[in-house]
1. Considering the stretch B:25-36 alone, what residues qualify as being part of a helix (DSSP H, G or I) and either of a type in the set (S, T, N, Q) or over 9 Å from the mean Cα position of the chain (by Cα) (or both)?
2. Under the condition of being touching a residue at least 24 places away in the same chain (Cβ under 8 Å) and in contact with a strand residue (DSSP E or B) (Cβ under 8 Å, 6 or more places away or on another chain), which residue from the stretch A:38-63 is nearest to DNA strand D (Cβ to nearest atom)?
3. So if I check each of A:14, A:50, which one is farther than 23 Å from residue B:9 by Cβ, near DNA strand C (Cβ under 9 Å from one of its atoms) and out of contact with any Leu (no Cβ under 6 Å at 6 or more places or on another chain)?
4. Please determine whether any residue of the stretch B:38-59 is in a strand (DSSP E or B), among the hydrophobic types (A, V, I, L, M, F, W, C) and in contact with a helix residue (DSSP H, G or I) (Cβ under 8 Å, 6 or more places away or on another chain).
5. Could you tell me whether any residue of the stretch B:55-75 is under 10 Å from the mean Cα position of the chain (by Cα), open to solvent by 50 Å² or more (accessible area, probe 1.4 Å) and more than 12 Å from DNA strand C (Cβ to nearest atom)?
6. Which residue is surrounded by the fewest Cβ atoms within 10 Å (Cβ to Cβ), if the candidates are limited to the stretch A:4-30 and must be more than 14 Å from DNA strand D (Cβ to nearest atom) and of a type in the set (D, E, K, R)?
7. As an exercise: evaluate residue B:88 against (1) more than 18 Å from residue A:19 (Cβ to Cβ); (2) open to solvent by less than 50 Å² (accessible area, probe 1.4 Å); (3) free of Cβ contacts under 8 Å to residues at least 40 places away in the same chain and give the number of the one condition it does not meet.
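The values are calculated or read from the model by the stated rules, or taken from the named source; none is laboratory data. Computed from a prediction, not measured in an experiment: that's the story for all the values here. Neighbour counts run over all protein chains shown; Cβ positions are idealised from the backbone, glycine included. All accessible areas refer to the heavy atoms of the entire protein, side chains included, with ligands and DNA or RNA removed. Shrake-Rupley method; radii C 1.70, N 1.55, O 1.52, S 1.80 Å.
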Protein chains: 2
Amino acid sequence: MDTNKSTQAFAALSQATRLDVFRLLVKAGEDGLLAGEIGEKLQVKQNTMSANLSVLLNAGLVKNKREGRTIRYYADMEGVTAMLSFLLEDCCGGQPQLCQPFIQQITCSTDNCNDA
Amino acid sequence: MDTNKSTQAFAALSQATRLDVFRLLVKAGEDGLLAGEIGEKLQVKQNTMSANLSVLLNAGLVKNKREGRTIRYYADMEGVTAMLSFLLEDCCGGQPQLCQPFIQQITCSTDNCNDA
DNA sequence: TCCATATATCATGAATAATTGATATATTTG
DNA sequence: CAAATATATCAATTATTCATGATATATGGA
């Protein structure tokens with residue numbers, strides 16, 4: 001991961017529709033969602049949604065898989081990991097106590113996870 | 001945290017100079033950095049850097065504190081937490097195993113931290 | 001108070017990105 | 001192969017963002 005790839009990922013999440021799409025895919029988990037389903041849920045025109053999905057894809061934040069004539073999209077957690085690792089690089093190195101509360105809240109240790 | 005506030009934060013990180021600034025501040029930890037120091041390190045003109053710092057500030061990703069005639073900037077980890085919690089909301093809820101590897105890598109449990 | 005230093009704001013031109021109608025491509029079905 | 005369905009690409013307009021010169025504000029020191 002480098003600065004360019006990372007800014008591309010943040011840019012992909014900097015627009016309301018795409019952020020909504022990504023969050024839907026995060027919630028959908030392994031099941032993913034069909035491109036058409038996403039457009040319908042978010043009430044976005046077909047070509048606009050296609051363009052937005054393409055931005056997320058190019059940014060490495062989502063993956064897809066053709067299923068017949070439909071295409072299923074998934075959140076790409078490895079892409080998110082790469083982006084965030086770059087963003088937070090060396091955070092803990094110098095002053096661990098600064099990062100602890102942050103990590104507590106993001107991870108499954110608090111309320112956003114039931115059994116992990 | 002809502003979609004608007006969150007897209008604002010991602011937009012702030014979607015430009016190379018601002019991403020570089022934020023990463024510098026993450027590494028700087030509690031010591032922070034003076035506005036001038038940041039501009040010098042990154043070789044960015046004074047007014048351009050000022051504008052970029054202002055974007056990060058408005059996005060809730062950095063804080064600052066005046067010290068005489070200089071101003072010291074810090075990464076705001078609470079802001080980052082809010083942004084990421086919103087992004088990853090309900091990720092673990094449905095399919096915890098999907099998120100585990102991601103969390104392992106971001107947190108201090110692996111190699112990006114020495115003693116936390 | 002006057003000057004120097006550090007940072008912020010304003011106005012503007014240039015570059016980028018977003019939306020959308022029209023159209024193209026890929027897949028399935030008859 | 002023709003029609004139907006799902007998604008992608010193209011072209012054009014509009015909107016947003018960026019960098020920067022000029023200038024303003026804030027603080028400290030003589």
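1. Our first condition is that a residue be part of a helix (DSSP H, G or I); within the stretch B:25-36, this holds for B:25-31, B:35-36.
Scanning the stretch B:25-36 gives B:27, B:28, B:29, B:30, B:31, B:35, B:36.
2. First, pick out the residues of the stretch A:38-63 that are touching a residue at least 24 places away in the same chain (Cβ under 8 Å): A:38, A:42, A:44, A:48-49, A:52-53, A:55-56, A:58-62.
Imposing the further condition that a residue be in contact with a strand residue (DSSP E or B) (Cβ under 8 Å, 6 or more places away or on another chain) reduces the set to A:38, A:53, A:56, A:61-62.
Numbers: A:38: 8, A:53: 5, A:56: 11, A:61: 14, A:62: 10 Å.
If we take residues in the stretch A:38-63 being touching a residue at least 24 places away in the same chain (Cβ under 8 Å) and in contact with a strand residue (DSSP E or B) (Cβ under 8 Å, 6 or more places away or on another chain), then A:53 is nearest to DNA strand D (Cβ to nearest atom).
3. Working: A:14 fails: farther than 23 Å from residue B:9 by Cβ.
Sole residue among the options that is farther than 23 Å from residue B:9 by Cβ, near DNA strand C (Cβ under 9 Å from one of its atoms) and out of contact with any Leu (no Cβ under 6 Å at 6 or more places or on another chain): A:50.
4. Scanning the stretch B:38-59, I find no residue that is in a strand (DSSP E or B), among the hydrophobic types (A, V, I, L, M, F, W, C) and in contact with a helix residue (DSSP H, G or I) (Cβ under 8 Å, 6 or more places away or on another chain), so the answer is no.
5. no
6. Here the residue is A:30.
7. Only one criterion in (1) more than 18 Å from residue A:19 (Cβ to Cβ); (2) open to solvent by less than 50 Å² (accessible area, probe 1.4 Å); (3) free of Cβ contacts under 8 Å to residues at least 40 places away in the same chain is unmet by residue B:88, namely (1).
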